[in-house]
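Here the structure is laid out as structure tokens; the discussion comes afterwards.
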Amino acid sequence: MREAQYYNKHEDGKVECELCPRRCLIINNHLGICKVRKNIDGTLYSMNYGHISSISLDPIEKKPLNDYKKGSKVLSIGSIGCNLICEFCQNWHIARAEFHETTPKELDLTPETVVQMAIDAVNLGNIGLAYTYNEPTVWYEFVYDTARLIKEAKLDNVFVSNGYINEKPIEKLLPFIDAFNIDLKGTDNTFYNRLTKADIDPVLQTIKLIVHSDKHLELTYLVIPGKNDDAIAFRYMINWLVNNAGTDFSLHINRYFPAYRMHISATPIESLMNLAAIAREYIPKVYIGNV
Ligand code: SF4
């Protein structure tokens, strides 16, 4: 574990985490909502620093990034924890895990070790490191330390995220990240409030920030039948994106499958095609995924 960045100490021993918009106020010996940041005697710690739950050399298209270094591979790592609580979470077994249920000791790695693994995989087509599988925001300190070393090794960093992060931490990380995939999970705040227990606005702000940084950006939209597949609301969201983020990003319209607490049947292909047709009226690079 490591002391966290971005928090305030209160006189009564509580700490307020400033990493993501939840701004958890955490009493001594308790965790934040992400279940991996803990107040220990008035100091906030990142408990999952260096804890690896998953590691794999993946095709870049699996992140998904369809328009960044096509055909390459990227060493992909993830930990545990997440700051959203999505009813339909496709990775709930690691996203909702608490730090004490974490991986065996032999999978506690240092940034230097992970970077060396990335370098060793270059001759297999690896371009760098992707922070993915769980939400990398709640792994911030390890991601930041590792991303800096990856850039020193002249490799690429890929950040696959829900975009629910405060402005200061994402601005500090931006110079080290080459490509982002951000999940846009619904068209409006009602969807976010009900099905992710969060707000949409910070996610939209993150998207704007990345666009204005000129970093490579792709968005992923998981279509859940009856929840976020309304054509009018979807068109409204696309209009917002075009007006605020332009059209220089790729959009992945992905098929949902039942997971975690959501048991609705998988998305009909026709629904994906209808939404993709709407998006293509405005955005040139639109892909249907998970089919
Ligand atoms: S990163 Fe975790 S502890 Fe910090 S505000 Fe977000 S959910 Fe709370």
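The values are calculated or read from the model by the stated rules, or taken from the named source; none is laboratory data. Being a predicted model, the structure only gives us computed values, none of them experimental. Positions of Cβ are backbone-derived with ideal geometry, glycine not excepted, and every protein chain shown enters the neighbour counts. The accessibility values were calculated without ligands, DNA or RNA, using every heavy atom of the protein model including side chains. Shrake-Rupley method; radii C 1.70, N 1.55, O 1.52, S 1.80 Å.
For this structure, a couple of remarks:
- A 1.4 Å probe run over the chain, with the rest of the protein chains in place, finds 43 Å² accessible per residue.
- Just the protein heavy atoms count here, and of the accessible area of the chain at 1.4 Å, carbon and sulfur take up 51 percent.
- Using just its DSSP H runs of length 4 or more, each adding -39500 (n - 2.57), the chain gives a mean residue ellipticity at 222 nm of -8000 deg cm²/dmol after division by all residues.
- Radius 11 Å from Cβ of LEU272, net charge of other residues (Lys, Arg +1; Asp, Glu -1): -1
- Loop-located trypsin sites (Lys or Arg not before Pro) in region 50-153 whose Cβ has at most 14 other Cβ within 10 Å (DSSP): LYS70
- Stokes-Einstein diffusion of the chain at 20 °C, 1.002 mPa s viscosity, Kirkwood radius from Cα pairs, rounded to a whole number: 110 µm²/s.
- If both residues of a DSSP beta bridge must be in the chain, then about 45% of such bridges are antiparallel.
- The residues packed around MET262, meaning those with a beta-carbon under 13 Å from its beta-carbon, carry a net charge of +3 if Lys and Arg are +1 and Asp and Glu are -1.
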